[in-house]
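Below is one structure, written out as structure tokens; comments come after it.
Bear in mind these aren't lab numbers, they're just calculated from the coordinates by the rules spelled out. The structure presented is a predicted model; accordingly, all values stated were derived computationally and were not measured. Methodologically, a virtual Cβ is constructed for each residue, glycine included, from the backbone with ideal geometry; neighbour enumeration extends over all protein chains shown.
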Amino acid sequence: METKIVTGNEAIVLGALRAGVRVVTGYPGTPSSGAIGSLLKMDLKDRHVEWSVNEKVAFEIASGAAWAGQRALCAMKMSGVNVALDSLISIAYSGCNGGLVVYVADDPGTNAGMCEQDSRSFAMMSDLPMLEPASVADGYWLTQAAFDISERVGTPVFVRLVTALANSYAAIHVEDPLPPAEREAILERDITKYTKAGAAICTAQHHDVIARLEKAGQIINQMKLNELQLSENPGGLGVVASGVVFSYLEEGFRIAARFGFERDNVSVLRVVATSPFPASDVHALLCHCGTLLILEELEPHLERGIYVEAQKAGFDGRIIGKLDGLFSRSGEYDVSQVVQGLNRALDLSIPDDLFQSKLQAESMAAQRPITCCAGCPHRGTYMAINQALKRLKLEKDKVMVTGDIGCTILGMNPPFYTVWNEVSMGASVSLAQGYVHAGVSTPVIATIGDSTLFHGGIPGLINAIQHQIPLTLIIMDNGWTAMTGMQVNPGTDEAFQPTGNRSIDMAKLIPALGVENFFVVDPFELDKSATTIEKALMLPGVKVVLSRQECAIQAQRRGLNAGRVRVIPDNCTLCKQCITITGCPAIEIGEESIVVDPVLCYGCGLCAQVCRFEALVGENLI
Amino acid sequence: MKPTTYMTQSTSRIPHDILLFEYDVFLVGVGGQGLLTIGDIIIEAALRKEIAASFYPTKGMAQRGGFVKAQIRLGRQVVGPNIPERGADLVIAMEISEALKAVRFVKPGKDFLLFGHVWPPTAVMLGKASYPSLEQVCEQVRAAGAKVHYLDPEGLPPYEDTSVPANMFVLGAAIAHVGLGEVLDFSDVVHIVQTRWMRDAERNIFALQSGLEANVERS
């Protein structure tokens with residue numbers, strides 16, 4: 001056993017290694033990416049670890065392995081579960097043989113700019129157990145417990161973290177990984193279990209999944225994963241806390257003690273397994289307490305269940321939480337909600353502003369919109385789109401440019417203002433078709449990144465080709481899944497693929513789908529790219545422009561530069577066009593001329609291509 | 001595997017009454033300043049003294065030039081990663097405008113170390129947006145009831161004619177001037193820096209030492 005400083009993400013995969021996991025799959029997504037990311041840095045024998053093309057595929061691979069009797073882990077962010085859900089619900093009905101754990105990370109407080117959806121809803125919808133660690137250390141052992149429950153019951157099990165745990169570091173005790181159990185892959189032919197062929201099979205499986213959840217509940221009770229501590233005297237306050245919120249409880253109790261709070265009079269139910277609903281513990285708490293305080297982030301899942309149990313138990317006390325209006329369904333919790341809840345429940349006269357600053361200092365801070373990195377190839381693509389529209393005398397606010405997930409969203413921000421929307425993986429291509437059908441008279445453009453196209457964009461593109469919808473798809477191919485931290489995707493150069501993997505070339509794939517007007521451009525060549533896009537916009541049918549140049553961050557990590565930009569101060573009039581058009585963070589305003597930071601500059605030369613005074617000169621452009 | 005083998009590590013089974021002190025640090029800055037490295041070093045130094053530590057970094061989506069914050073909670077066995085508003089014993093702000101985002105979090109009467117670096121966003125550079133003055137920021141910190149400790153970036157000395165890493169300079173100042181030194185051992189920090197940057201250790205130690213000796217204005 002050793003003590004290691006790890007993140008919550010790492011704790012999950014270390015727990016899976018200790019549980020002898022054999023297959024690990026997933027798709028990158030903040031805040032979950034660090035899980036598989038850390039595994040890929042390890043030297044793992046006898047285990048298969050991969051970034052899959054999307055979450056549905058990832059989950060199906062893990063399920064196939066688990067059906068064949070092996071232990072498998074599948075990792076994703078909350079929106080990834082939306083993608084995997086079709087198979088998830090169906091496989092939940094079938095159950096599994098080897099342990100199958102789905103690790104999902106939610107983002108209360110939207111640190112990463114996505115929907116604040118609560119994955120506990122998926123556990124309810126799919127009738128699957130869900131375990132929620134309260135700390136990084138919990139993540140390690142609860143993942144092991146999840147595999148255990150999964151195999152004993154024959155059901156997939158969720159482990160859910162939130163950003164505050166997934167990305168937090170703490171020291172935990174880690175035991176040596178265990179090799180995958182030596183199990184022959186089993187091939188079990190049983191259409192009643194593995195198909196949905198017929199109403200009778202489906203109905204039977206529905207009964208099975210309900211029964212499995214109940215059995216999981218019994219095992220969870222035997223394991224005492226949820227912990228109920230009843231106070232000596234009945235009639236007092238009962239606190240229910242789940243997940244990370246539990247870790248704020250003792251801190252809150254100590255603070256409230258300064259205002260007359262007495263710890264001994266409080267009962268606590270710590271909910272680790274939020275699915276199945278901990279009915280018997282809640283019932284015991286309701287019978288013992290006069291008031292309940294429910295502490296859970298996002299949706300009032302436990303709270304709603306508690307209202308139902310309260311009705312059944314004839315409870316006539318108060319229930320404090322979200323449904324009485326005290327807490328919000330949005331945002332992260334910290335100790336202040338614990339204190340606020342205790343104050344409401346016990347009338348402790350804790351001043352409202354103990355943890356609430358009245359200052360509005362943040363509103364005075366300079367806006368810092370996220371923008372493309374220095375050398376980002378997407379900059380060239382946005383500039384080329386804007387240029388092409390200008391040449392066609394089309395006003396930018398009359399041309400729909402749909403956007404997609406990833407770094408390609410940066411086009412919505414200044415100085416480009418190119419992209420209009422961002423929905424979900426692959427949505428740009430399909431949304432664009434809707435705009436065309438709606439009767440938009442100007443050309444419709446869709447933009448998408450490489451990993452996003454592979455993930456979810458291809459079906460939309462195939463649909464556009466089949467129906468021959470006039471639109472221009474611009475694929476911004478930087479070779480990496482960049483926004484989430486530079487993961488490999490199917491299009492990543494073969495040199496950077498894991499050993500034995502192949503790369504799929506979009507320049508071959510797209511023409512093969514029947515796209516006749518297919519163009520490849522280098523976004524660092526502004527004029528050529530703009531000319532190509534201009535031409536494409538005027539052609540009929542589906543046109544695809546593949547704008548291809550590697551992510552500068554990745555290239556720079558290998559010591560590469562696209563070129564070199566030299567400033568000729570005598571020519572510079574400080575017109576600031578270079579900054580206004582490119583927004584490049586490597587350009588600053590100096591005393592007498594603009595200045596290019598030589599460390600930041602990747603030498604893409606886009607600034608030189610917009611300078612009208614030859615004050616910026618690009619050299620050695622590749 | 002029997003459940004008992006992994007039950008020993010449950011959060012709730014760690015005794016929570018062993019408590020020597022609690023110290024929460026809130027850090028803000030801009031991506032590229034090395035703010036998160038300060039956090040890394042603080043928790044490593046804490047763990048060398050067997051002080052329980054949680055470190056929660058939050059990076060924006062941009063690689064560089066975006067808002068970055070981090071929360072460090074020391075001395076709590078059972079701890080949630082978020083520091084509440086008005087809860088931080090120490091704020092370390094590495095950029096003047098971003099410092100404003102930490103004002104809500106400083107505990108009245110406690111320390112706010114402000115490194116006076118200015119990293120103007122493009123719109124500010126172009127004169128299209130305003131940028132807060134140092135005095136405005138200090139005023140807000142004082143209004144929060146905290147002590148301002150101002151560290152001038154001009155005090156950053158060159159090392160062999162090259163620039164010195166500002167993050168280690170700021171960490172040095174935090175250890176010498178605002179109570180972090182009472183929590184951590186400077187020798188531990190030096191050791192961590194040495195092992196972290198085998199080749200570039202000297203420059204970083206120099207920066208740390210310069211911060212230790214830097215003039216910090218208190219207001």
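Positive end of the dipole of chain A, charges at C-beta (+1 Lys, Arg; -1 Asp, Glu), about the Cα centre: which of A:ALA530, A:GLN360, A:VAL423 has its Cα farthest in that direction?
The one lying farthest along the dipole's positive direction is A:ALA530.
Report the dimensions of the protein assembly as shown along its three principal axes from the alpha-carbon atoms, largest first, rounded to Å.
Between the extreme Cα coordinates on each principal axis of the protein assembly as shown lie 84, 74, 50 Å.
Quick one: order A:PHE355, A:PHE147, A:PHE519, B:PHE186 by neighbouring beta-carbon count within 10 Å, fewest to most.
Least crowded to most crowded, the residues run B:PHE186, A:PHE519, A:PHE355, A:PHE147.
Rounded to a whole number of µm²/s, how large is the Stokes-Einstein D of segment A:1-100 at 10 °C and 1.306 mPa s, given Rh as the Kirkwood radius over C-alpha pairs?
The diffusion coefficient I find is 117 µm²/s.
Take the Cα coordinates of segment A:95-180, assign each an equal point scatterer, and use the Debye formula without solvent to give log10 I(q)/I(0) at q = 0.10, 0.24 Å⁻¹.
Treating every Cα as an identical point scatterer, log10 I(q)/I(0) equals -0.28, -1.19.
Below 8 Å, C-alpha to C-alpha, sequence gap of six or more: please give me the relative contact order for chain A in percent.
Over chain A, the number comes to 10 percent.
Treating each Cα of segment A:2-223 as an identical point scatterer and ignoring solvent, apply the Debye formula and state log10 I(q)/I(0) at q = 0.13, 0.15 Å⁻¹.
These q points yield log10 I(q)/I(0) values of -0.67, -0.90.
Can you compute the modelled spin-label distance between A:HIS48 and A:GLU395, with each label point 7 Å from Cα toward Cβ, in nm?
In this crude label model, A:HIS48 to A:GLU395 measures out at 5.6 nm.
Across peptide B:52-58, what mean number of C-beta atoms from other chains lies inside 10 Å of a residue's C-beta?
For this peptide, the per-residue mean of nearby foreign Cβ atoms is 6.
Rg and Dmax of segment B:17-211 over Cα atoms: what are they, in angstrom?
Final numbers for Rg and Dmax: 16.3, 55 Å.
Taking the mean number of other Cβ atoms within 10 Å as a proxy for protection, how do you rank A:598-606, A:77-85, A:134-142 from highest to lowest?
Ranking, from highest mean packing down: A:134-142, A:77-85, A:598-606.
Determine the shielding of peptide A:170-180 by partner chains: average, over its residues, the number of Cβ atoms on other chains within 10 angstrom of each Cβ.
What the average comes to for A:170-180 is 2.
Whole-Hz Karplus ³J(HN,Hα) for segment A:167-178, in order, using 6.51 cos²θ - 1.76 cosθ + 1.60 and θ = phi - 60°, x for Gly and Pro?
9, 7, 9, 8, 8, 10, 8, 10, 8, 4, x, 9
Rounded to the nearest 5, what % of DSSP beta bridges with both residues in segment A:2-223 are antiparallel?
20 percent
Could you please state, rounded to a whole Å, how far the C-alpha centre of segment B:177-211 is from the C-alpha centre of segment B:102-127?
24 Å
At most 16 other Cβ atoms within 10 Å and a DSSP loop assignment: could you name the chymotrypsin sites (Phe, Trp or Tyr not before Pro) in segment A:417-511 that fit?
The qualifying sites are A:TYR417.
Quick one: putting +1 on the C-beta of Lys and Arg, -1 on the C-beta of Asp and Glu, what dipole do you get for the protein assembly as shown around its Cα centre, in Debye to the nearest 20?
Charge dipole, the protein assembly as shown, about its Cα centre: 1400 debye, nearest 20.
In Å and on Cα atoms, what radius of gyration and Dmax does segment A:470-622 show?
Cα-based Rg and Dmax for segment A:470-622 come out at 18.0, 55 Å.
Among the listed pairs A:LYS393/A:LYS508; A:LYS396/B:LYS59; A:LYS390/A:LYS576; B:LYS107/B:LYS128; A:LYS398/A:LYS508, give every one whose C-alpha distance is greater than 26 Å.
Too far apart for the 26 Å limit: A:LYS393/A:LYS508; A:LYS396/B:LYS59; B:LYS107/B:LYS128; A:LYS398/A:LYS508.
Could you sort the peptides A:182-193, A:91-102 by per-residue average Cβ neighbour count (10 Å cutoff), highest mean leading?
Ranking the peptides A:182-193, A:91-102 by packing returns A:91-102, A:182-193.
For segment A:227-354, go through all pairs of different Cα atoms, get the mean of 1/r, take its inverse, and jot down that Kirkwood value in Å.
14.4 Å
Which whole number gives the average count of other chain Cβ atoms within 10 Å of the Cβ atoms across peptide A:187-194?
0
Over segment A:2-223, how many pairs of lysines fall under 28 Å by alpha carbon, counting only those 8 or more apart in sequence or from different chains?
15
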